[in-house]
Amino acid sequence: MTQIDKSLIDALRNAESIVFFTGAGISSESGIATFRGKEGLWNKFKPEELANFDAFIRNPELVWEWYNYRRKIVHEAQPNAAHLTIAEMQNHFKEVTVVTQNVDNLHRRAGSKKIFELHGNIEKNFCINCKKFHNKELDFSNGVPECDCGGLIRPGVVWFGEYLPEDQFRGGELAAMKADVFFVVGTSAVVYPAAGLVYTARASGATIVEINIEETEISSSVNYSYFGKAGEILPRIFEEYKLRADS
Ligand code: BJW
Ligand code: ZN
């Protein structure tokens, strides 16, 4: 069984601000497939075919089919032990911030309060023409839904080649700069500018802790790597912290 380093627990005991930078892997134990890796969604679907604006214009039905399929899975999923541990940690630290690349709402449903969503939210939709949001249930009975202005309605997520929502990215960046301990959980850390936040946190002096089932692009740049499932490792770290917090 992976041992949790005592020096990490010491760092947590001295920490005021902790940040969880999360990716698809944190939700895989809730039954939501990741994008990359052997169980990844994109073994079947290529990102360049689906997660970009040109693909949507070329074939909006196909792109919507993919998002509606995923939306159904997300609705049926429940937050797992990793999401719940992060939410519980809010009661033990001055400031806990979640900076997520996920669009699945599971951090919010677990009870996390301060969340920055870098890649949007699968529950939201907006018109490609006037940008108005259409967040109520959409009607697909006459094909891809349209706005009153005639524009197609698209999922409210960030595709390749698109800018991240400025307020969300800026919030994530400030949190990374302020973090005492910066956890990187369940992300391959290959998609930018999100992955760059790890280096922002490191340059600002944070202790970086990676939790992943396998090595990633950033493994050689972190202070601690724990290889295992987020839903097992995070509760163990928190248990160790609570045990030693009183001693
Ligand atoms: C577990 C686990 C368990 C599993 N426990 N762990 C060349 C070089 C550098 C950059 C670029 C480049 N060419 C283009 C770019 C920019 C591009 C980019 O970064 N591309 C790289 C892939 C090369 N980025 C962009 O385009 C971004 N925008 C941008 O740069 O704007 C500026 C600009 C504007 C105009 C023109 C040009 C530039 C936007 C990126 C948007 C990403 N969108 C997606 C889709 C969101 C909507 C949706 O959900 O459909 O976001 S792509 C997809 O990847 C999704 C994710 O949020 C993101 C990251 O993936 P994540 O979360 O890391 O998941 P995985 O699957 O990769 O990894 C899961 C991990 O979990 C694995 O490591 C597992 O081992 C682990 N794991 N089970 C712990 N139980
Ligand atoms: Zn419109």
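Sort out the exposed loop trypsin sites (Lys or Arg not before Pro) in the chain (DSSP loop, at most 12 other Cβ within 10 Å) and tell me the longest stretch that has none. Working shown, then result.
Working: sites that count: Lys38, Lys44, Lys94, Lys113, Lys131, Lys136.
The segment 137-247 is the longest one with no such site.
Calculate, for Asn91 and Phe160, the FRET efficiency according to 1/(1 + (r/R0)^6) with r their C-beta to C-beta distance and R0 51 Å; round to the nearest 0.05. If you can, show how the numbers build up before the last one.
Numbers: r = 38 Å, r/R0 = 0.74.
The pair Asn91/Phe160 has a calculated efficiency of 0.85.
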| query | Separation between the Lys132 and Glu146 pseudo-spin-labels, each 7 Å from Cα along Cα→Cβ, expressed in nm? | reply | 1.4
| request: Find the percent of Cα-Cα distances in the range 104-233 that exceed 19 Å, and round it to a whole number. | output: 59
| note | One point scatterer per Cα, no solvent, Debye formula: log10 I(q)/I(0) for the range 58-130 at q = 0.24 Å⁻¹ comes out as -1.11
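Only Lys, Arg, Asp and Glu count, each charged at its Cβ (+1, +1, -1, -1), so figure out the dipole size of the range 135-182 about its Cα centre, rounded to 20 debye. Don't skip to the answer; put the middle values down first.
Working: 4 positive and 9 negative charges, 25 e Å.
So the magnitude is around 120 debye.
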| field | Dipole of the chain [Lys/Arg +1, Asp/Glu -1 at C-beta], most positive-end residue of Gly120, Ser204, Asn91 | value | Asn91
| request: Divide by every residue of the chain the summed helix terms, -39500 (n - 2.57) for each DSSP H run of at least 4, and state the resulting mean residue ellipticity at 222 nm, rounded to the nearest 500 deg cm²/dmol. | output: -10000 deg cm²/dmol
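For Asp5 and Tyr199, FRET efficiency with R0 = 30 Å and r from the beta-carbon atoms, rounded to 0.05?
On the way: r = 22 Å, r/R0 = 0.73.
Working from the Cβ atoms, E equals 0.85.
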| field | Kirkwood Rh and Cα Rg combined as Rg over Rh, evaluated for the chain | value | 0.99
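Counting only C-alpha contacts under 8 Å and six or more residues apart, can you give the relative contact order of the chain as a whole percent? Kindly include the intermediate steps, with their values, before the conclusion.
Working: 424 pairs, mean separation 59.3, N = 247.
Value for the chain: 24 percent.
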| query | Phe35's amide H: which non-local residues (gap 5+, or another chain) put their own amide H closer than 5 Å, with H modeled 1.01 Å from N in plane and none for Pro or chain starts? | reply | Leu41
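For the range 1-125, just run the numbers: alpha carbon Rg, then divide by 2.2 N^0.38 Å, N being how many residues it has. Walk me through the intermediate numbers first.
On the way: Rg = 17.0 Å, N = 125, 2.2 N^0.38 = 13.8 Å.
My calculation over the Cα atoms of the range 1-125 gives 1.23.
Determine the per residue accessible area of the chain with all protein chains present and a 1.4 angstrom probe, expressed in square angstrom.
Heavy-atom SASA per residue in the chain reads 50 Å².
Sum up the charges of everything whose Cβ sits under 12 Å from the Cβ of Arg71, counting Lys and Arg as +1 and Asp and Glu as -1, but leave Arg71 out. If you can, show how the numbers build up before the last one.
On the way: positive: Arg70, Lys72, Lys124; negative: Glu65, Glu76, Asp104, Glu123, Glu137.
Within the 12 Å Cβ shell, the charges total -2.
Among DSSP beta bridges whose residues both lie in the range 100-247, state the antiparallel percentage, nearest 5.
Values: 6 of 16 bridges.
Around 40 percent antiparallel, to the nearest 5.
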| query | Tell me, what HN-Hα J-couplings in whole Hz come from the Karplus equation 6.51 cos²θ - 1.76 cosθ + 1.60 at θ = phi - 60° for each residue of the range 211-227, using x for Gly and Pro? | reply | 10, 7, 7, 8, 5, 10, 3, 9, 4, 7, 10, 9, 7, 9, 10, 10, 9
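On the accessible surface of the chain, probed at 1.4 Å, how many percent belong to carbon and sulfur atoms? Don't skip to the answer; put the middle values down first.
On the way: 6080 of 12250 Å².
Ligands and nucleic acids excluded, carbon and sulfur reach 50 percent.
The values are calculated or read from the model by the stated rules, or taken from the named source; none is laboratory data. All figures in this text were calculated on a predicted structure; none of them were measured in a lab. Quick reminder, even Gly has a Cβ in these numbers, built from the backbone with ideal geometry, and neighbours come from all protein chains shown. Calculation scope for accessible area: heavy atoms of the full protein, side chains included, ligands and nucleic acids excluded. Shrake-Rupley method; radii C 1.70, N 1.55, O 1.52, S 1.80 Å.
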